[in-house]
Structures are given as structure tokens and as C-alpha cells.
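First the structure, in the form of C-alpha cells, and then the observations on it.
The values are calculated or read from the model by the stated rules, or taken from the named source; none is laboratory data. Not measured: the values here are computed from a predicted model. All Cβ positions, glycine included, derive from the backbone under ideal geometry; neighbour counts span all protein chains shown.
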Amino acid sequence: MTLSALVTGAAGGIGRAVAMRLAADGFRIIATDMDEERARTVAEGIPGEGHTGHALDVTDETAIGACFDAAEAQGTPVNVVVAAAGILILDETGQRRPITQTSTQEWELTQRVNSTGTFLLVREYLRRRTATPAPYARFIAFSSVAAQLGGYRSSSAYIASKSAISGLVKAAAREAASLGVTVNAVAPGLIDAPMLRLSLDPANDAEIARSIPLNRIGTPEDVAGAVSYLAGPDGAYVTGATLDVNGGYRMQ
Ligand SMILES: NC(=O)c1ccc[n+]([C@@H]2O[C@H](COP(=O)([O-])OP(=O)(O)OC[C@H]3O[C@@H](n4cnc5c(N)ncnc54)[C@H](O)[C@@H]3O)[C@@H](O)[C@H]2O)c1
């Protein structure tokens, strides 16, 4: 039996690495992103058969329902969901806007994509797994080291939206446990992916790396490895957790 994994934000730096890694683990990938062409390009670039690409705006609950309908049309449930889609809004110079200069629109859009988008996904997923239980039922959300540290480059809106994820996974994990579903988050540190590059020039990587105990910026594959663990058999007894993938940048 081939298990399936639906990945949001799959055309992004980390989302693509997650899609590639879960495919290598044997999952059939449903790659989704805002833009259908980019999602399809990711799906077509994944080795193996059966991977598909779809447009999915995670703020659109009707579209989320339709995407699950399409993914489960053959009667095969979505086993794993990875909610990697996210946004960070900075000013034109790549700096975080102070709270005093943050518009309500920026605040609400950031919550809408990062936290409400994750809520809409886990809600739809749990509704479906309540109706039709599935083996290896795992939901993996994305928090951030920024939520844990108050952020250096990230905005207050982003930090708040990612803090919401840490609470949401605990609430969802408690409710989902009786369904045999685990719900966890990964909290990446500084990862060499587009969101980090909004504010960090690669020329400054070596200096920044000195503040990271493992002395390097992380890779999307580092994060994908953690997602693979949570999605795979070895992660079966982990739920309600936020797994740090940050090179020791922040230790609990
Ligand atoms: N890169 C880092 O250093 C870092 C650190 C901590 C957390 N994260 C988190 O990891 C995840 C991936 O980050 P990344 O660096 O790969 O960023 P990225 O910008 O490369 O990828 C984000 C993807 O989300 C998609 N997206 C944006 N809004 C969407 C929406 N409404 N619906 C669906 N898709 C949408 C974008 O099109 C993009 O492909 C994000 O949740 C981010 O917050 C990243």
C-alpha cells in the first residue's frame, strides 16, 4: 500500500525539500502551493510515479475541502499532511517593521496564512480522519525559532502567528489522539531557504553561523529530515511536540 502525503507551500524552499524527502521515503506526494504551475513543476520533478501538483491557497477553506476531495477521489485517504506554507512580510529594505509601524492589514494577513491556514488544514484533515481512519495519520505544522526567541529578523505578526502553531498542535494532538492521529510541529532555525534570504545576505552567513553552536546555516534537507521522522514509523509515539531544527541556536 502506498501512503500519501499532502504538502502545502510545496513550491517553497523547505516545502520542496519535504516533498522530495517524503517521496524518497515512499510516500505519494500531493504537492500544493498558491500557484498551480509551480506546484505542478515540483510534482513533475519528484522521482517516481503518482505525484500530483495542485493550486491551494491555505486561507481558502472551500479550496482546502476541494483539494482533499480531489486527493481522496479514488477512495485512498490522505495519510500525512505537512503544513509548510507561510509568509513573512518585511519592509522594502528587508527589515522587520516595528509594532508601531505595523498595519492591521499586515498583521491580519500574516495570521490568516500562517496560523488560520494551519487551523483550516488540521480541521479538514481531522474531519476526514474521523470519518475514515487511516494508517500513519500524521499532521505536521511549521512553527519557527522566531516564535521561541522573539525573533531578530522576523516581524511581530510573524512571531505571533508562529507562536499560535505551538499551542494549536497541543490542542489538536489531544483531540486527535483517540483517532490514532499524531499532530506535531517543527521549529526551524535559520534555514537557507527563500524566507531567510529576505533578510540575510549570504555574504553574512559566516558571521551569523558563529552564533549557532553547529556553526552553519541549516539546509531545507535538515528540516525535511525532521519531518520525515515525524511522518515515519519511528515518530509513532511523538505527539503534541515542537521539534527544534536549529543547530543549537536555541536550546530549551
Ligand atoms: N527559511 C527559514 O529560515 C525558516 C525558519 C523558520 C520557519 N520557516 C517556516 O518554514 C516554512 C517554509 O519556509 P521557506 O523558507 O521554505 O519559505 P518560502 O517562501 O520558500 O516558501 C513558502 C511557500 O508558501 C507559499 N505560500 C504563501 N502563502 C500561501 C498561501 N496563502 N497558501 C498556500 N501557499 C502559500 C509560497 O508560495 C511559498 O512557495 C514557512 O512556514 C516558514 O515560516 C522558515
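Summary of values
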{"item": "Some residue of the range 51-59 being in contact (Cβ under 8 Å) with a residue 60 or more places away in the chain, within 12 Å of the ligand (Cβ to nearest atom), within 30 Å of Ala176 (Cα to Cα) and surrounded by fewer than 23 Cβ atoms within 10 Å (Cβ to Cβ)", "result": "yes"}
{"item": "The range 99-116 - residue that is away from the ligand (no atom under 13 Å from the Cβ) and surrounded by 15 or more Cβ atoms within 10 Å (Cβ to Cβ) and, of those, nearest to Ala176 (Cα to Cα)", "result": "Trp107"}
{"item": "Any hit, the range 216-239, residues being farther than 26 Å from Arg123 by Cβ, touching an Asp or Glu at 6+ places or on another chain (Cβ under 7 Å) and among the β-branched types (Val, Ile, Thr)", "result": "yes"}
{"item": "Filter result for Gly94 (within 12 Å of the ligand (Cβ to nearest atom) and of a type outside the set (S, T, N, Q))", "result": "no"}
{"item": "Filter pass, Thr182 being hydroxyl-bearing (Ser, Thr, Tyr) and either at pLDDT below 95 or closer than 30 Å to Arg97 by Cα (or both)", "result": "no"}
{"item": "Scope the range 172-197; condition assigned to a strand (DSSP E or B) and within 9 Å of the ligand (Cβ to nearest atom); matching residues", "result": "Val186, Ala187, Pro188, Ile191"}
{"item": "Qualifying positions in the range 210-234 - buried (at least 17 other Cβ atoms within 10 Å of the Cβ), part of a helix (DSSP H, G or I) and within 14 Å of the ligand (Cβ to nearest atom)", "result": "Pro220, Asp222, Val223, Ala224, Ala226, Val227"}
{"item": "Checklist (1) away from the ligand (no atom under 12 Å from the Cβ); (2) not in a helix (DSSP H, G or I) applied to Val169, failing item", "result": "(2)"}
{"item": "Any hit, the range 120-127, residues being touching a Phe, Trp or Tyr at 6+ places or on another chain (Cβ under 8 Å), over 29 Å from Arg28 (Cβ atoms), part of a helix (DSSP H, G or I) and within 16 Å of the ligand (Cβ to nearest atom)", "result": "no"}
{"item": "Which listed residue, of Val78, Val122, is within 19 Å of Thr242 (Cα to Cα) and under 17 Å from the mean Cα position of the chain (by Cα)", "result": "Val122"}
{"item": "Qualifying residue in the range 88-98 (condition: surrounded by 17 or more Cβ atoms within 10 Å (Cβ to Cβ) and within 14 Å of the chain's Cα centre (by Cα))", "result": "yes"}
{"item": "Subset of the range 208-242 (residues that are touching a residue at least 40 places away in the same chain (Cβ under 8 Å) and polar (S, T, N, Q))", "result": "Thr219, Ser228, Thr239, Thr242"}
{"item": "Failed condition for Leu200, given (1) farther than 16 Å from Leu243 by Cβ; (2) within 9 Å of the ligand (Cβ to nearest atom); (3) not in a loop (DSSP other than H, G, I, E, B)", "result": "(3)"}
{"item": "Condition met for Gly45 (on the phi > 0 side of the Ramachandran plot, without any contact (Cβ under 8 Å) to a residue 60 or more places away in the chain and surrounded by fewer than 16 Cβ atoms within 10 Å (Cβ to Cβ))", "result": "no"}
{"item": "The range 229-252 - residue that is of a type in the set (Val, Ile, Thr) and within 11 Å of Asn184 (Cα to Cα) and, of those, nearest to the chain's Cα centre (by Cα)", "result": "Thr242"}
{"item": "All positions within the range 18-38 that are among the hydrophobic types (A, V, I, L, M, F, W, C) and either surrounded by 24 or more Cβ atoms within 10 Å (Cβ to Cβ) or more than 10 Å from the ligand (Cβ to nearest atom) (or both)", "result": "Val18, Ala19, Met20, Leu22, Ala23, Ala24, Phe27, Ile29, Ile30, Ala31"}
